[in-house]
Amino acid sequence: MPWNTPGGGQGGGPQGPWGRGPNGPQPPDLDELLRRSQEKMRRVLPGGGGSGGGRLIALVAAVGVAIWLGTGFYRVQPDEQGVELVFGRWVNTTTPGLHYNWPAPIGEVYKPAVTRVNRVEIGYRSGTDFGRAAGVREVNAESLMLTGDENIIDIDVTVFWRIKDAGAYLFEIQRPDTTIKSVAESAMREVVGQTPLQFVLTEGRARIEQQTRELIQATLDTYKSGVEVTQVQLQKVDPPQQVIDAFRDVQAARADQERLQNEAEAYRNSILPRARGEAERLIQEAQAYREQVVADAQGSAERFTSILTAYNEAKDITARRLYLETMEEVMAGMSKVVIEPGVAGGQGGGQSVVPYLPLDRLIREPAPRTGDGADMSSSSGAASAVQGNATNTPR
């Protein structure tokens, strides 16, 4: 070693790194080193140190502090919220824009995205979770649930949520993603556990989604999680794979039952209105017939009463009128021969036939064709004349 070379020291002994001595190497003089450093600093600084050097150091320190304080400005983007921390404690939540907080290491700012919609998958894992387009992987431990009528059902659920309060999201709950998933699974099991199997499989999907979302939101609000659940979607609602074939047969039978019931309802709806209409028609006809009969009876009674009154006032005239009206009704549809008694020229005051022109028959029968050589008046007279005598009929 260089310091072990002989010579150059007192006594001609070996020389150590800090000087020679009889007892070996000696430690450096710290005061001497500090003095030499100060001298070098004075030579470097302009003015050779003194009061001017102190002002420069203060200026440099002030500039450094100003730069350090300037690093406390930060910008919050439109899709973010700013969470300010001072000595590790949450003190404020800021909105989009330019803000200021103590710089590090005193202060710190987190800026989580609050408009991005996150998702939690229960009962399955999609390929997007692994960054590639893979198939869906079932998680039976999460998807198999017990319904209200003690049946087992296989449900896959997706819960969509976003951050509504960044400070509460970061500091009120631990592991927010795990907490949201646990709360969502618990809420789904509670809702399904109160609902019958058939209702879950058919028309109850929308109602179950709504109830589950409300229950998840209420639970997270009690935790002050700062999370808003935007939507709950039932991806798959099926019986367990072991019994799905038998269940499909049952579903097909129920579908046939509903179809037959609907057809029966349609037939009933088509028959009953017609039957009711027919019954109403018969009732109205009966009522009309009753009113007609009653009216006819009342009219006949009133007519008889009026005739009786007229008969009591003028018996001969009324009897003759009744006779003529009766004969008119009786002989309206038959051929008639009029015999006039006591006509002059008769034998022994007998009776003779009065010529009768049947106008009604002439109206009904077509006129004879021209050239037949028959006289219409003579034909009519011959057709109406009756030879011989007849007994006198009182008029």
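P(r) tail for the stretch 181-267, what percent of Cα pairs lie past 19 Å? Provide the component values of the computation, followed by the final result.
On the way: 1988 of 3741 pairs.
Result: 53 percent of Cα pairs exceed 19 Å.
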- Item | Approximate spin-label separation Thr305-Asp245, in nm, with each point projected 7 Å along Cα-to-Cβ | 9.1 nm
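Carbon and sulfur atoms: what percent of the 1.4 Å accessible area of the stretch 193-262 do they account for?
The nonpolar share, carbon plus sulfur, comes to 48 percent.
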- Work out, step by step, the length gained on full extension between Glu172 and Glu39: first 0.36 nm times the residue separation, then minus their alpha carbon distance; give nm to one decimal. 42.2 nm
- Message: Per residue, how large is the accessible surface of the stretch 55-193? Use a 1.4 angstrom probe and give square angstrom.
- Response: 57 Å²
- Message: Quick check: pseudo-label points 7 Å beyond the Cα along Cα→Cβ at Lys315 and Ala275, how many nm apart are they?
- Response: 6.4 nm
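Highest mean first, how do 60-68, 195-203 rank when packing is the count of other Cβ atoms within 10 Å averaged over residues?
Working: 60-68: 10.1, 195-203: 16.0.
Highest-to-lowest ranking by the protection proxy: 195-203, 60-68.
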- Solvent exposure of the stretch 241-329 as accessible area per residue, Å², 1.4 Å probe: 87 Å²
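The values are calculated or read from the model by the stated rules, or taken from the named source; none is laboratory data. Just so it is clear, the structure is predicted and the values come from calculations on it, not from any experiment. Here the Cβ is made from the backbone with ideal geometry for all residues, glycine too, and neighbour counts use every protein chain on show. Only protein heavy atoms, including side chains, enter the accessible area calculation; ligands, DNA and RNA are left aside. Shrake-Rupley method; radii C 1.70, N 1.55, O 1.52, S 1.80 Å.
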